[in-house]
Amino acid sequence: MKVILASPRGFCAGVNMAIECLDLALKTFGAPVYVYHEIVHNKYVVETFKKKGAIFVDDVQEVPSKSILLFSAHGVSPEIRKAAKERDLTAIDATCPLVTKVHLEAIKFAKLGYTICLIGHEGHDEVIGTMGEAPEAIVLVETESDVDQLEIADPERLAYLTQTTLSVDDATRIINRLKERFPSIKGPPKADICYATQNRQEAVRILGTEAQLVLVLGSQNSSNSQRLKELAQESGTPGYLIDGASDIRPEWFDGVEGVLVTAGASAPEDVVQECLDYLVEKFDAKIETRSIREEEVHFPLPKELRKLVQLN
């Protein structure tokens, strides 16, 4: 069996930054360090940090007063920041800068009196945080049919933004439908879908044509990982989203000679290597790494964390 290992894959700059934040917070302040929601959407990463003393919460009221609270890579609403301040928590903001960019765009458009169509998935942490910046001005749009049902008071003051981890193709279809219905609609100066999401999708689109099966390392609640699996399936290639080698089923490989392995932006390289080891052991797989693009993006740690580390 031939295994094509896609590159780029796995951790993006935003995930790296968030994980570095939590690691450093635990080393500097000791356990427990509280985290609002999962630091990133990956089961392996979350379980690893739980063992180190991180406590993940879905309500700020669960965090004892004066504790350390870290906001996850997906961002939070102003309401959550206010609640943390009221509980006298030391907040560390590990929001991905590309998500922060979308928040700032939402605030700007809302102040100008625009209605904002946010293209994204209902209930996703990132979408909840972005909508919280201007709840009275934002309408969630998930599909092209949602666009058809929109009733906008002033179509001349309409804008769109997107969740950063969407399928590029899906987002493009919805944006095009918005532009058809509302020719005056304004978009962000630069596309909101992050570079890493686009690069990983591009790798599957290009390299998936050479495979009869696609394995995507990532968790079920990871939006960008789900999109990679769906992209493979849309091209007619069986695609599976797995947390690790223990999820693999040998029957998937009956008659399969070529496999593409990739990983979502929140999946660690450890689980990729575990998967490759399984394929080598079970199927005598030959691994070939194929790179379609280089990534050299790096985000610095938040200023407040750097200051806290210096003080300690």
**OP:** Please state the charge dipole magnitude for the chain, taken about the Cα centre, from unit charges on C-beta atoms (+1 on K and R, -1 on D and E), reported in debye and rounded to the nearest 20.
**Re:** 1020
**OP:** Please give, to one decimal in nm, the separation of the simple spin-label points placed at K50 and R293, each 7 Å out from Cα toward the Cβ.
**Re:** 3.4
Original post:
When the gyration tensor of the chain is built from Cα positions, what are the square roots of 5 times its three eigenvalues, in whole Å, from largest to smallest?
Top reply: 33, 29, 15
Subject >> Shape call, region 129-236: gyration tensor on alpha carbons, a/c limit 1.5 >> reply: prolate
Original post:
With no solvent and one point per C-alpha, what does the Debye sum give as log10 I(q)/I(0) for region 98-181 at q = 0.13, 0.15, 0.20, 0.21 Å⁻¹?
Top reply: -0.35, -0.47, -0.87, -0.97
**OP:** Give the range of the longest stretch in the chain that excludes all trypsin sites (Lys or Arg not before Pro) found in loop regions by DSSP and having at most 12 other beta-carbon atoms within 10 Å.
**Re:** 67-189
Subject >> Cα-projected label distance for D58 with K111, points at 7 Å along beta-carbon direction, nm >> reply: 3.4
Original post:
Under 19 Å from a point 7 Å along the Cα-to-Cβ line of I206: which residues of region 230-246 have their amide N that close?
Top reply: 231-233, 235
Original post:
Rounded if a/c is under 1.5, else prolate if a/b beats b/c, else oblate: with a ≥ b ≥ c from the C-alpha gyration tensor eigenvalues square-rooted, which is region 113-153?
Top reply: oblate
Subject >> Relative intensity, log₁₀ I(q)/I(0), of region 257-300 from a Debye sum that treats every alpha carbon as a point, q = 0.14, 0.25, 0.28, 0.31 Å⁻¹ >> reply: -0.44, -1.06, -1.19, -1.27
Original post:
With each label point set 7 Å from Cα along the Cα-Cβ vector, what nm distance links Q220 and E20?
Top reply: 3.3
Original post:
Check L140: other-chain or 5+ apart residues with amide H under 5 Å from its amide H, H built from backbone geometry?
Top reply: L118
**OP:** Can you spot the lysines whose alpha carbon is less than 28 Å from K52's alpha carbon? Ignore those fewer than 8 places along the same chain.
**Re:** K27, K43, K66, K82, K85, K303, K307
Original post:
Between the DSSP loop rule and a limit of at most 15 other Cβ atoms within 10 Å, which GluC sites (Glu not before Pro) in region 181-279 are left?
Top reply: E257
Original post:
On full extension of the chain, what length is gained from D88 through V309, given 0.36 nm per residue of separation minus the C-alpha to C-alpha distance?
Top reply: 77.7 nm
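Since every read-out is calculated from the coordinates, none of them should be taken as a lab result. The structure presented is a predicted model; accordingly, all values stated were derived computationally and were not measured. Glycine also receives a Cβ, built like all others from the backbone with ideal geometry; neighbour counts cover every protein chain displayed.
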